[in-house]
Ligand code: ADP
């Protein structure tokens with residue numbers, strides 16, 4: 001064990017995470033007194049007995065959020081005042097970098113070095129970016145007849161329910177809560193049952209930063225309990241969700257069966273790299289493809305989980321990807337040299353290994369990996385895996401596996417560009433995709449024809465808060481990130497004022 005990893009093991013041993021919900025400015029047990037065991041996927045050991053919130057807790061949190069919204073303690077502050085508080089919140093997130101990173105790593109099994117360099121700093125930066133944006137947002141005056149003044153102003157929606165998954169708990173919380181809070185809403189956040197701990201700590205930091213009681217509430221619990229109660233609550237104005245398409249559809253149903261609350265969804269993906277023979281540099285393509293599917297153990301909604309390669313470059317590309325896969329050896333998330341941690345829990349690991357069996361039964365070849373690793377640790381490690389010879393009709397070509405698993409398909413000159421595009425679009429998803437070519441005309445044509453919210457040309461996973469992120473088709477509705485996301489937490493109000501004679 002290196003000295004650097006000893007430090008993290010020692011800190012993990014001393015850790016005693018806060019396990020309670022945060023409602024109306026205070027930590028509290030669930031009304032039922034129930035808790036659930038939160039274990040770490042690194043070795044299966046217990047991290048905390050976490051409050052299991054349900055309908056009654058959701059009701060308490062929504063009432064607190066509504067009270068806060070109505071009396072204006074946050075919604076009534078000037079944008080500049082909200083900005084100052086959110087700046088302090090970002091600072092506190094950065095000051096608590098190591099504790100947040102450790103919690104995130106233990107909760108979901110991601111490498112602590114990724115949590116330190118990506119998850120926590122990104123979370124802080126999102127709050128700061130929306131805080132900076134909010135006092136530069138103007139209303140409009142409509143070009144009406146001169147006897148009227150018609151203004152178009154933006155108002156916060158009210159109570160926003162945010163339901164997030166476990167793959168990037170801090171980042172996705174920030175994608176939702178930062179624009180929602182900056183615009184003056186109150187938020188009730190339900191983190192995933194697999195990853196409640198960093199959100200519970202965030203709640204205290206938000207309060208220390210000066211967010212008034214009731215404005216940011218965190219309710220750990222399960223989907224069908226707390227999640228559904230939030231989705232069905234008659235006094236929640238907006239649900240913002242990231243997770244599976246299946247559960248995203250449930251939130252649309254909950255809204256339809258309750259109060260027609262606004263719903264924005266960011267759901268699954270099956271992103272494809274379309275690789276033409278004139279791709280600039282196959283080594284770079286291979287390295288980028290490997291990073292795009294093995295980072296975060298492939299548990300990323302826009303993970304590049306398919307390659308659609310021209311047959312003339314396919315085999316060479318697979319060989320090069322295999323070489324890069326070897327640099328993602330599964331290892332202890334607390335070792336700072338680890339690049340591939342665990343899957344989030346046993347059921348996710350079994351699901352991924354189930355797809356390996358399925359690929360074999362469907363007639364694909366498991367060219368790289370395909371097995372569980374380090375079972376003696378009690379952790380849920382799966383090696384980087386590449387399926388070749390994948391046909392478009394196979395389930396591994398169409399379904400989201402959510403693990404370090406890549407499916408390689410191919411196309412030939414017979415079908416050409418049109419065939420490549422058709423294959424890229426041949427899933428229910430439409431989150432992201434990439435095209436690799438030096439032909440600028442082809443790059444434009446293919447990126448235009450790909451039915452997805454993001455297309456990368458000769459790169460993958462270029463990412464920044466300045467651009468919207470979200471999906472076409474069953475990858476969702478609405479967009480996170482960028483100035484566009486702010487509108488998802490606002491209502492537009494038109495006010496007509498007569499200023500001249502009839
Ligand atoms: P994943 O497949 O990434 O685990 P899910 O869609 O199952 O994604 O979960 C994402 C979030 O949705 C989590 O916070 C989870 O608790 C919540 N959730 C899961 N099932 C339901 C449900 N039936 N109703 C409401 N929320 C749910």
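The values are calculated or read from the model by the stated rules, or taken from the named source; none is laboratory data. None of these values were measured; they are calculated from a predicted model. In this analysis, Cβ positions are derived from the backbone assuming ideal geometry, glycine residues included, and neighbour counts consider all displayed protein chains.
Couple of notes before you dig in:
- Single match in 248, 210 (criterion: near the ligand (Cβ under 8 Å from one of its atoms), in the same structural domain as residue 118 (by TED's automatic domain parsing) and touching a residue at least 40 places away in the same chain (Cβ under 8 Å)): 248
- Within this structure, residue 224 passes the test of being within 8 Å of the ligand (Cβ to nearest atom) and closer than 20 Å to residue 36 by Cβ.
- Between 290, 297, the distinction of being in the same structural domain as residue 444 (by TED's automatic domain parsing), at pLDDT 95 or above and on the phi < 0 side of the Ramachandran plot belongs to 290 only.
- Hey, residue 200 in contact (Cβ under 8 Å) with a residue 60 or more places away in the chain and in a strand (DSSP E or B) or not: no
- Hey, residue 176 within 29 Å of residue 477 (Cα to Cα), assigned by TED's automatic domain parsing to the domain that holds residue 48 and assigned to a loop (DSSP other than H, G, I, E, B) or not: no
- Among residues of region 168-181, those that are buried (at least 24 other Cβ atoms within 10 Å of the Cβ) and out of contact with any strand residue (DSSP E or B) (no Cβ under 7 Å at 6 or more places or on another chain), counted: 6
- Boolean, residue 262 is over 30 Å from residue 409 (Cβ atoms), at pLDDT 95 or above, assigned by TED's automatic domain parsing to the domain that holds residue 110 and within 12 Å of the ligand (Cβ to nearest atom): no
- Residue match in region 50-69 (condition: touching a residue at least 12 places away in the same chain (Cβ under 8 Å), in contact with a strand residue (DSSP E or B) (Cβ under 9 Å, 6 or more places away or on another chain) and closer than 30 Å to residue 338 by Cβ): yes
- Residues of region 148-167 that are away from the ligand (no atom under 16 Å from the Cβ) and either closer than 22 Å to residue 221 by Cβ or not in a strand (DSSP E or B) (or both): 157, 158, 159.
- Taken over region 278-333, the criterion of being part of a loop (DSSP other than H, G, I, E, B), closer than 25 Å to residue 441 by Cα and in contact with a helix residue (DSSP H, G or I) (Cβ under 7 Å, 6 or more places away or on another chain) is satisfied by 279, 304.
- Per-region count, region 242-277, residues in contact with a strand residue (DSSP E or B) (Cβ under 7 Å, 6 or more places away or on another chain) and part of a helix (DSSP H, G or I): 4
- Total residues in region 104-144 satisfying the condition of being closer than 24 Å to residue 180 by Cα and either under 22 Å from the mean Cα position of the chain (by Cα) or assigned to a helix (DSSP H, G or I) (or both): the figure is 19.
- Within region 227-245, the set of residues being more than 10 Å from the ligand (Cβ to nearest atom) and under 17 Å from residue 476 (Cβ atoms) comprises 238, 240.
- Residues that are touching a helix residue (DSSP H, G or I) at 6+ places or on another chain (Cβ under 6 Å) and more than 14 Å from the ligand (Cβ to nearest atom) within region 198-207 comprise 205, 206, listed in sequence order.
- Residue 101 being surrounded by 24 or more Cβ atoms within 10 Å (Cβ to Cβ) and free of Cβ contacts under 8 Å to residues at least 24 places away in the same chain: yes
- Among the residues making up region 221-236, those that are assigned to a loop (DSSP other than H, G, I, E, B) and surrounded by fewer than 22 Cβ atoms within 10 Å (Cβ to Cβ) are 222, 234, 235.
- Scanning region 474-495 for residues that are surrounded by 11 or more Cβ atoms within 10 Å (Cβ to Cβ), over 13 Å from residue 264 (Cα atoms) and touching a residue at least 60 places away in the same chain (Cβ under 8 Å) yields 483, 491, 492, 493, 495.
- There is no residue in region 386-399 that is surrounded by 21 or more Cβ atoms within 10 Å (Cβ to Cβ), touching a strand residue (DSSP E or B) at 6+ places or on another chain (Cβ under 9 Å) and within 30 Å of residue 238 (Cα to Cα).
- The set of residues in region 337-368 that are closer than 26 Å to residue 15 by Cβ and more than 23 Å from the chain's Cα centre (by Cα) contains only 337.
- Residue 185 more than 16 Å from the ligand (Cβ to nearest atom) and either on the phi < 0 side of the Ramachandran plot or in the same structural domain as residue 162 (by TED's automatic domain parsing) (or both): yes
- Failed criterion for residue 248 (all others in (1) more than 30 Å from residue 486 (Cα to Cα); (2) out of contact with any helix residue (DSSP H, G or I) (no Cβ under 9 Å at 6 or more places or on another chain) hold): (1)
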